[in-house]
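Report on the following structure.
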Amino acid sequence: MSLTEIPRLSLGLFPTPIHRLDNISCELGIDLWIKRDDLTGLGLGGNKVRKLEFLLAEAKAQGAEIVFTTGGAQSNHAMLTAAAANRLGMTPVLILKKRGVTACKGNQLLEKLLGAEVIFLDTDDYAEIYAEMDRIGAERGRPYYKIPCGGSNALGSLGYVACAREIAQQGMHFDHIVCAEGSGGTMAGMALGAKLYLPGTKVHGMMVDTDPFDEITPRLMREAADLLGEKVNITTDDYALRDQCGPGYAIPSADGNAAVRLMAEKEGIFLDPVYTGKAFAGLIAMAREGAFREEEKVLFLHTGGAGGLFAISEED
Ligand SMILES: *Cc1c(COP(=O)(O)O)cnc(C)c1O
């Protein structure tokens with residue numbers, strides 16, 4: 001099935017704007033642009049909206065009444081899943097790992113406002129969490145749909161294949177696209193989408209977690225291509241990865257925090273400490289290493305994360 005034939009609900013406001021970052025371009029000596037997926041129009045915006053358009057279309061088609069998902073305590077994905085499920089008349093149940101800030105701050109506060117049911121499990125084992133979803137789903141006796149952590153399966157990744165297509169339709173060419181890679185779906189979708197719709201664009205995933213993304217990225221790209229019936233040969237030339245995790249997933253890094261401040265001070269745009277700050281720090285480092293030539297256009301994908309900004313402590 002081609003991209004436009006795969007069932008998709010409308011949850012966001014697309015296309016998201018692309019504009020130049022004049023001040024930071026000047027500071028870094030590069031031609032830097034930003035795609036504003038922090039303005040996707042649901043909740044506080046963010047990349048998960050594009051994935052949920054595909055995932056929840058499948059949930060609806062299957063007649064689901066309950067939507068389960070998971071992540072850490074401050075998961076932007078879980079919060080946006082709750083917002084989207086509310087809008088579509090399904091009941092969100094969030095089974096979150098007891099990791100990160102569990103107090104009623106940031107995304108926890110937003111989930112309270114959304115009226116979402118939140119259950120904490122003291123585990124790092126996702127298999128245990130998915131089993132709990134099945135247990136609760138069976139107990140409630142209503143049809144349910146399970147969304148994996150970050151919405152990062154092949155179907156969710158199509159959201160970023162569609163984003164690459166959207167960039168092509170916006171009529172702009174970029175030599176480089178830089179995005180955060182946390183559970184992998186955004187990067188995989190963007191890299192596959194670039195291969196299909198953006199010839200000459202290299203996609204760089206800034207890894208903010210320690211998972212084996214050199215396996216996850218091409219696997220998700222292949223699985224997403226299979227859904228689209230696209231016969232593409234994925235090679236290591238189709239994507240680039242860079243370690244930007246710092247002290248650990250969801251633990252702020254010094255260069256990430258400096259990048260958050262630079263974007264706020266120079267451009268009046270807020271990044272977050274878990275994903276976009278670390279990803280932008282990677283872009284800054286690449287610019288300083290001379291990875292971008294003067295005549296090349298660089299696009300930073302702002303994937304959102306505003307909710308998490310309100311759950312950091314003053315010392316960070
Ligand atoms: C989830 C998330 C990411 C990472 O996207 P993945 O598809 O999980 O790799 C990046 N930025 C923000 C703000 C996110 O919430």
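Tabulated values for the structure
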{"read-out": "Matching option when the condition is in contact with a His (Cβ under 7 Å, 6 or more places away or on another chain) and assigned by TED's automatic domain parsing to the domain that holds residue 243, among 300, 292, 280, 270", "value": "292"}
{"read-out": "Top-ranked residue in region 206-243 [being within 16 Å of the ligand (Cβ to nearest atom) and among the polar types (S, T, N, Q); ranked as surrounded by the fewest Cβ atoms within 10 Å (Cβ to Cβ)]", "value": "210"}
{"read-out": "Some residue of region 49-56 being more than 13 Å from the ligand (Cβ to nearest atom) and surrounded by fewer than 20 Cβ atoms within 10 Å (Cβ to Cβ)", "value": "no"}
{"read-out": "Verdict on residue 196 being part of a helix (DSSP H, G or I), more than 19 Å from the chain's Cα centre (by Cα) and not aromatic (Phe, Trp, Tyr)", "value": "yes"}
{"read-out": "Region 285-310 - residue that is among the hydrophobic types (A, V, I, L, M, F, W, C) and open to solvent by less than 10 Å² (accessible area, probe 1.4 Å) and, of those, farthest from the chain's Cα centre (by Cα)", "value": "298"}
{"read-out": "Filter result for residue 126 (away from the ligand (no atom under 16 Å from the Cβ) and either touching a Gly at 6+ places or on another chain (Cβ under 9 Å) or open to solvent by 40 Å² or more (accessible area, probe 1.4 Å) (or both))", "value": "no"}
{"read-out": "Total residues in region 263-277, condition more than 13 Å from the ligand (Cβ to nearest atom) and crowded, with 20+ Cβ neighbours inside 10 Å", "value": "1"}
{"read-out": "Output for region 10-63, where each listed residue is in contact with a strand residue (DSSP E or B) (Cβ under 8 Å, 6 or more places away or on another chain) and among the β-branched types (Val, Ile, Thr)", "value": "16, 18, 24, 30, 34"}
{"read-out": "So residue 177, is it within 16 Å of the ligand (Cβ to nearest atom), aliphatic (A, V, I, L, M), surrounded by 24 or more Cβ atoms within 10 Å (Cβ to Cβ) and on the phi < 0 side of the Ramachandran plot", "value": "yes"}
{"read-out": "Pick from region 244-262, criterion over 23 Å from residue 102 (Cβ atoms) and more than 16 Å from the ligand (Cβ to nearest atom), ranking: most open to solvent (accessible area, probe 1.4 Å)", "value": "261"}
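The values are calculated or read from the model by the stated rules, or taken from the named source; none is laboratory data. Values in this document were obtained by computation on a predicted structure and should not be read as measured data. Please note: Cβ atoms are built from the backbone with ideal geometry, for glycine as well, and neighbour counts cover all protein chains shown. To get the accessible areas, we keep the full protein, side chains included, count just its heavy atoms, and leave off ligands, DNA and RNA. Shrake-Rupley method; radii C 1.70, N 1.55, O 1.52, S 1.80 Å.
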